[in-house]
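Asks: After the structure tokens below, expect a handful of questions from me.
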Amino acid sequence: MHNKGEKKRNTAYDHIIKYTGLFGGVQGISLLTAIVRNKLVAEILGPAGVGLISSYNAAATLLSNSTNFGISFSAVRRVAELSEQNDEQALLRFIQVVRSWSIATGVLGMLVCCLFSVFLSYSYFENPNEWLSFVWLSPMVGLMAFTGGEMAILKGARRLRRVAMQSLLNSLCALVISVPLFYVWGESAIVGSLVLVALCTMLTTIFFSFRCYPFSLSQDKRYSYAEGRRMVTFGTAFILAGILGSGVEFLIRVYMMRTGSEADVGMYNAG
């Protein structure tokens, strides 16, 4: 028994070391890619353009954290529990629930973004005339919700190699998509590029998650509601933490836009 426990412990340590090295390497490459992308974007758009990108990102993140009910965090634990139990049917059934709720919260996030578009425009630009930009930004909020659900499935099922590969592909896609758009259309491509990058992130995520667990949605409304309620209850703390964190980032940018300019926000974001 002692030898068996020791062997299990050593296997766990090997697993941790292996994936720590993998994620460390991927993060290093992603960091270098981000540096190159940010440098090129800064050269093309200048500090004001970087500030606008940062401001739109902060608004989308706040809306996403306020409407996703913490599913991207709370679903991980339940998926991990079912994976440990080797109950394939129960796991697939719960994954259906996660996907159903992710789509529902994504639609909710898009609607909230559209409803608050005038408020967001006034907060940043002190006039409501830019509300249409936030309406066009709303798909990004929906895509973030669905991507979060699929990522929770991969993490809970310990498909960590796929998570690492998705992170790397996402960094490369962001570079390939955003820089040419900014070079051709300048600041007018900011919202479009953010939505396209979010779409690319979702596509790379579902490429890996759908291969592990083919797409399907829950047909049992009672079960879906019960499991979804459990996820929301467990994710309440994550919702509050996310809103506080992204809310502070949003308010900082609002204050800097009102007392300074987009260029000030760009310099802050670069720092």
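Asks: Got a sec? Which of Val141, Val118 is touching a Cys at 6+ places or on another chain (Cβ under 8 Å) and of a type outside the set (Gly, Ala, Ser)?
Replies: Working: Val118 fails: touching a Cys at 6+ places or on another chain (Cβ under 8 Å).
Just one listed residue meets the conditions, Val141.
Asks: Based on this model, can you work out whether Ile190 counts as buried (at least 20 other Cβ atoms within 10 Å of the Cβ), of a type outside the set (S, T, N, Q) and assigned to a helix (DSSP H, G or I)? Don't jump to the end; show me each part of the working.
Replies: Values: buried (at least 20 other Cβ atoms within 10 Å of the Cβ): yes; of a type outside the set (S, T, N, Q): yes; assigned to a helix (DSSP H, G or I): yes.
For Ile190, the condition - buried (at least 20 other Cβ atoms within 10 Å of the Cβ), of a type outside the set (S, T, N, Q) and assigned to a helix (DSSP H, G or I) - is met.
Asks: A further question follows. Against the conditions (1) closer than 19 Å to Leu175 by Cβ; (2) in contact (Cβ under 8 Å) with a residue 40 or more places away in the chain, where does Glu43 fall short? Just the number, please.
Replies: The one condition Glu43 does not meet is (2).
Asks: Quick check on Val163: is it under 26 Å from Phe208 (Cβ atoms), assigned to a helix (DSSP H, G or I) and among the aliphatic types (A, V, I, L, M)?
Replies: Numbers: under 26 Å from Phe208 (Cβ atoms): yes; assigned to a helix (DSSP H, G or I): yes; among the aliphatic types (A, V, I, L, M): yes.
Here the answer is yes, as Val163 does meet what is asked.
Asks: I've got another one for you. Only residues in the stretch 248-271 that are farther than 16 Å from Ser121 by Cβ count as the first member; pair them with residues that are of a type in the set (Phe, Trp, Tyr) and in a helix (DSSP H, G or I), Cβ under 8 angstrom, at least 6 apart or cross-chain, and list the lot.
Replies: Filtered contacts from the stretch 248-271: Ile252/Tyr268; Met256/Tyr268.
Asks: Go through the stretch 24-143 and tell me which helices (runs of 4 or more DSSP H), entirely inside it, have 2 or more residues that are among the acidic types (Asp, Glu) and surrounded by fewer than 19 Cβ atoms within 10 Å (Cβ to Cβ).
Replies: Numbers: elements: 71-84, 88-115, 117-125.
In the stretch 24-143, 71-84 are the helices (runs of 4 or more DSSP H) which contain 2 or more residues that are among the acidic types (Asp, Glu) and surrounded by fewer than 19 Cβ atoms within 10 Å (Cβ to Cβ).
Asks: Suppose we keep only residues that are surrounded by fewer than 17 Cβ atoms within 10 Å (Cβ to Cβ) and among the hydroxyl-bearing types (Ser, Thr, Tyr) within the stretch 221-251. Which one would you say is farthest from the chain's Cα centre (by Cα)?
Replies: Tyr223
Asks: Which one is most open to solvent (accessible area, probe 1.4 Å), of the residues in the stretch 171-186 that are closer than 11 Å to Thr33 by Cβ and free of Cβ contacts under 8 Å to residues at least 40 places away in the same chain?
Replies: So the residue we want is Val176.
Asks: Does the stretch 198-213 include one or more residues that are crowded, with 18+ Cβ neighbours inside 10 Å, among the basic types (Lys, Arg) and in a helix (DSSP H, G or I)?
Replies: No, every residue in the stretch 198-213 fails to be crowded, with 18+ Cβ neighbours inside 10 Å, among the basic types (Lys, Arg) and in a helix (DSSP H, G or I).
Asks: Go through (1) under 29 Å from Glu43 (Cβ atoms); (2) surrounded by 15 or more Cβ atoms within 10 Å (Cβ to Cβ); (3) under 24 Å from the mean Cα position of the chain (by Cα) and name the single condition Gly271 misses.
Replies: (2)
The values are calculated or read from the model by the stated rules, or taken from the named source; none is laboratory data. Note that the structure is predicted; figures quoted are calculated from it, not measured. For neighbour counting, all protein chains shown are included, and Cβ atoms are generated from backbone atoms with ideal geometry for every residue, glycine included. These accessible areas exclude ligands, DNA and RNA; they are computed on the full protein's heavy atoms, side chains included. Shrake-Rupley method; radii C 1.70, N 1.55, O 1.52, S 1.80 Å.
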